[in-house]
Each structure stands twice: as structure tokens, then as C-alpha cells.
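All remarks here apply to the structure that follows.
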Amino acid sequence: MSATRPLRSSALHMAVAFLGMGGWAVFANRAHALPAPLVAGLVQGALSALLTLVMKRMMETLSTRLPGRAGLVLPPLLAVLLSLVVLITLHRIAGTPEIVATIALPLTVTAIYATSYSLALWRSR
């Protein structure tokens with residue numbers, strides 16, 4: 001088994017996203033009465049897991065199809081923009097009280113993750 005194989009596991013990426021970002025959302029909304037923090041955590045956890053899967057696959061596809069530096073720059077840019085729109089929209093629908101605090105960390109992590117993963121994919125092609 002290759003050392004990078006676990007790093008390419010979609011299930012592992014999704015589980016880490018769900019637990020880490022769902023936990024953050026509970027923390028970010030802790031000042032509000034239950035069930036608001038728990039709902040925010042479940043929404044953020046589910047969205048993070050799903051967005052991680054979609055982003056990972058989208059970036060893998062785009063990195064092989066886009067020529068030159070476009071294959072490096074556009075995949076993470078699209079991943080962050082997609083995440084921003086989805087997170088704001090669905091947290092508003094869910095009634096998350098602290099939307100900015102809830103999505104600040106996940107968007108930062110998304111930007112770092114997407115940039116790093118895009119660079120790794122770009123270098124490996």
C-alpha cells in the first residue's frame with residue numbers, strides 16, 4: 001500500500017471534515033440556547049463532509065483537464081467560492097445564529113486544503 005493512499009481516501013477526508021467543522025460550529029454557537037448549537041454543528045458537519053467530497057473530486061478532475069497554471073489556480077478558487085455560497089445559503093435556511101463565526105474557520109480550512117491539494121495534484125501530473 002502506498003503511503004499516499006490513505007491521503008486520497010474520500011471517506012477519511014469526509015469524516016475529518018464532519019467532525020472538525022461540525023465541532024467548530026457547535027463551539028461557535030455555544031452562547032445560544034439548545035438546539036441551535038447542535039443544529040449548526042450537524043448542518044456544518046454534513047456540509048463540510050459533502051463539500052469536501054465534491055471539492056476533492058472536482059479538483060481532481062479540473063487539475064487534469066485544465067492546461068498549465070489554470071489547473072493549479074482555478075480548482076481551489078472554485079472550491080472556495082462554491083463553499084462560500086453553499087455555506088451561507090444553507091446556514092441561513094437552517095437558522096444558524098452565528099453564521100460568520102460558524103463559517104469563518106471552515107472557509108479558511110477550505111482555502112488551505114484546496115490550495116494544498118491542488119498543488120499536490122498539479123505537481124503529480
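Please note which helices (runs of 4 or more DSSP H) are completely contained in region 26-124 and include at least 3 residues that are in contact with a His (Cβ under 7 Å, 6 or more places away or on another chain).
Passing ranges, in order: 36-65, 99-124.
Would you mind finding the one in 53, 19 that is touching a residue at least 24 places away in the same chain (Cβ under 8 Å), more than 23 Å from residue 125 (Cβ to Cβ) and not hydroxyl-bearing (Ser, Thr, Tyr)?
That would be 19, the only listed residue that is touching a residue at least 24 places away in the same chain (Cβ under 8 Å), more than 23 Å from residue 125 (Cβ to Cβ) and not hydroxyl-bearing (Ser, Thr, Tyr).
Select, from 115, 110, 89, the only residue that is surrounded by fewer than 16 Cβ atoms within 10 Å (Cβ to Cβ) and of a type outside the set (A, V, I, L, M, F, W, C).
Residue meeting the stated conditions: 89.
Go through region 74-95 and report how many residues are among the β-branched types (Val, Ile, Thr) and either free of Cβ contacts under 8 Å to residues at least 24 places away in the same chain or over 20 Å from residue 52 (Cα atoms) (or both).
Qualifying residue count, region 74-95: 4.
Being within 21 Å of residue 113 (Cα to Cα) and surrounded by 15 or more Cβ atoms within 10 Å (Cβ to Cβ): is that true of residue 68 here?
Taking the combined requirement at face value, the residue does not satisfy it.
Rule-based calculations on the coordinates, nothing more; no lab input. Bear in mind the structure is a predicted one, so any value in this text is a computation, not a measurement. FYI the Cβ positions are ideal-geometry reconstructions off the backbone, even for glycines, and counts take in every protein chain you see.
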